[in-house]
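K.L.:
Take this structure, written in structure tokens, and hold onto it; I'll ask about it next.
Quick note: the coordinates plus some simple rules give every number you see, no bench work behind them. Note that the structure is predicted; figures quoted are calculated from it, not measured. Counting neighbours? That spans all protein chains shown, and the Cβs are built from the backbone with ideal geometry, glycine included.
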Amino acid sequence: MGISIDEINHSSAARFVELLGGIFELSPWVPELVYPDRPFESGTELHRAMAAAVRRAPQVHRMQLLCSHPELAGREAGEGTLTDESKREQAGAGLNQCSAEELAKIESLNRAYHSKFGFPFIIAVTGLNKHQIIASMENRLDNPEQLEFDTAIDEVEKIARIRIDALIDE
């Protein structure tokens, strides 16, 4: 049930942002920045342009982008306020079916991670299970701050690629 790259290319600015506003979590500024760069030949080219816009953005905007991501199996999931994309992705990784022990472990890791880095743990969960995610959380807690910031941006770009692939029929 995707849309064509042609439809995206011929969209008004408002429609373009509406269609692509969920690609980078709660960050419509990303499609706003690349709208003037149309037309895009493919989802790959669109993703490349959006990722480049994020990389060129000031540090404060990239930090806001990271902070707009929900914690894995966190407060937003419990309150039912996840975006549709995040809800699907987290459910696909089994994060909506954690045991009490697994949930306590993830919550503890979320707190430690956010305390150390100032943004939530971000990983492209598609294709991973909750055990792999927990192991990654534990491992990445040891990263230096700049490495982890860069890793989180890389993961955001992976998430965006997965979301573009799900949206666009190619």
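K.L.:
In degrees, nearest 10, range 0 to 90: what is the angle between the Cα axis of helix 130-140 and the longest Cα principal axis of the chain?
P.N.:
Once rounded, the angle reads 90 degrees.
K.L.:
Still on this model: Over the chain, what is the relative contact order in whole percent, taking alpha-carbon pairs under 8 Å and six or more residues apart?
P.N.:
30 percent
K.L.:
Which loop-located GluC sites (Glu not before Pro) does region 81-116 contain, where loop means any DSSP state but H, G, I, E or B and the Cβ has at most 10 other Cβ atoms within 10 Å?
P.N.:
Loop-located and lightly packed - none at all.
K.L.:
Which of Ser11, Ser27, Ser99 ends up with the largest GNM mean-square fluctuation for the chain, with Cα atoms connected below 10 Å?
P.N.:
It is Ser99.
K.L.:
Follow-up question, since we're still on this one. If you add up the charges near Ala14, with Lys and Arg at +1 and Asp and Glu at -1, over every other residue whose beta carbon is less than 15 angstrom from its beta carbon, what do you get?
P.N.:
-1
K.L.:
Please list the three semi-axes, largest first and in whole Å, of the ellipsoid equivalent to region 74-168, using sqrt of 5 times the eigenvalues of its alpha carbon gyration tensor.
P.N.:
Whole-Å semi-axes of the equivalent ellipsoid: 20, 18, 12.
K.L.:
Between Ile168 and residues 5 or more places away or on another chain, which pairs have amide H atoms under 5 Å apart, with H built 1.01 Å from N, and which residues are they?
P.N.:
Placed amide hydrogens put Ile3 under 5 Å from Ile168.
K.L.:
Return the loop-located chymotrypsin sites (Phe, Trp or Tyr not before Pro) in region 18-83 (DSSP other than H, G, I, E, B) with at most 12 other Cβ atoms within 10 Å of their own Cβ; answer none if there are none.
P.N.:
Loop-located and lightly packed - none at all.
K.L.:
Please compute, over every Cα-Cα pair in the chain, the percentage with a separation greater than 19 angstrom.
P.N.:
More than 19 Å apart: 56 percent of the Cα pairs in the chain.
K.L.:
Using the alpha-carbon atoms, what tilt in degrees (0 to 90, nearest 10) does helix 43-56 show relative to the longest principal axis of the chain?
P.N.:
Helix 43-56 sits roughly 70 degrees off the main axis of the chain.
K.L.:
How much net charge surrounds Phe24 when only the other residues with a Cβ under 15 Å from the Cβ of Phe24 are counted, with Lys and Arg +1 and Asp and Glu -1?
P.N.:
It works out to a net charge of -3.
K.L.:
Rounded to the nearest whole Å³, what is the per residue volume of the convex hull around the Cα atoms of region 11-70?
P.N.:
Cα convex hull per residue, to the nearest whole number: 76 Å³.
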